[in-house]
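Worksheet: one structure, shown below.
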């Protein structure tokens, strides 16, 4: 296949590109800084794109069979008004511009795999949610609703659409796990804000695996959750991580520390959580490589 990947220079995007190349696909990447991206992965054909300002160049879609859309301003930051606008528009306007470019093509890609997030469900306590559950409240849920609304424009131009709601991606090189590793290795790690909130996690290999499975599988469409079928509380996650690296997990981090680090609005989100099950993902036939947390952490660390 020839696959176009937006957000291709990010941590998940880089892993997706590497996996596509390893299996023999041709990869086209969209990124803001094409020259920098070429120096890190010259095997990808790079095109520069400012997602909120323009449509991607038509040349980037030449011969493309499928598109994986991973673009989005990072959400783990202080939610100032400017940051919230960047978070929202990078997803809503960027996705709208991407599909607008696809709509204008004489020959369109057959499939769009659009990343989304389990922030859609909001803070749900210990309630089990899946792809059929209603959305939650808050800015994070609002962003996802607008993101997915923009993605559904693909259905109007005859392109198969799969929306992949992603949980906490476990990768020691980036994101949630990378942030935890330093304090835990120093022996000062512990559960966050009491530790009762659920962490719906997914191994980076399964995150990439689900995205490529959705790309390849003609029967896959609509919503699927990219979360392992083993969500755990933050307290249980902390204990599992500590056992994996043979360190204690005895110093809980109080909730106000999260507010000091990220501000009250995003700090409140971090103190909450979702207990998400990948019901449709399993029903449609995806088989997780790393369905259990402790094995996943051992594999990664």
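The values are calculated or read from the model by the stated rules, or taken from the named source; none is laboratory data. The model shown is predicted, which means the values in this text are computed figures rather than measured ones. Methodologically, a virtual Cβ is constructed for each residue, glycine included, from the backbone with ideal geometry; neighbour enumeration extends over all protein chains shown.
Quick notes on this structure:
- Filter result (surrounded by fewer than 21 Cβ atoms within 10 Å (Cβ to Cβ), modelled with pLDDT of 95 or more and in a strand (DSSP E or B)) within the range 169-178: 171
- Any hit, the range 193-201, residues being assigned to a helix (DSSP H, G or I) and either touching a helix residue (DSSP H, G or I) at 6+ places or on another chain (Cβ under 9 Å) or farther than 27 Å from residue 126 by Cα (or both): no
- Some residue of the range 179-198 being over 21 Å from residue 213 (Cβ atoms), modelled with pLDDT of 95 or more and surrounded by 20 or more Cβ atoms within 10 Å (Cβ to Cβ): yes
- Annotation: residue 104 fulfils all but one of (1) touching a residue at least 40 places away in the same chain (Cβ under 8 Å); (2) farther than 21 Å from residue 281 by Cβ; (3) in contact with a helix residue (DSSP H, G or I) (Cβ under 8 Å, 6 or more places away or on another chain); (4) buried (at least 19 other Cβ atoms within 10 Å of the Cβ); the unmet one is (4).
- Considering the conditions (1) in contact (Cβ under 8 Å) with a residue 24 or more places away in the chain; (2) touching a strand residue (DSSP E or B) at 6+ places or on another chain (Cβ under 6 Å); (3) under 25 Å from residue 55 (Cβ atoms); (4) outside any loop (DSSP other than H, G, I, E, B), residue 109 is excluded by exactly one of them, (4).
- The lone exception for residue 17 - which of (1) in contact with a strand residue (DSSP E or B) (Cβ under 8 Å, 6 or more places away or on another chain); (2) modelled with pLDDT of 95 or more; (3) surrounded by fewer than 16 Cβ atoms within 10 Å (Cβ to Cβ); (4) more than 20 Å from residue 157 (Cα to Cα) it fails: (3)
- Residue among 87, 118, 75, 128 that is modelled with pLDDT under 95 and under 30 Å from residue 270 (Cα atoms): 75
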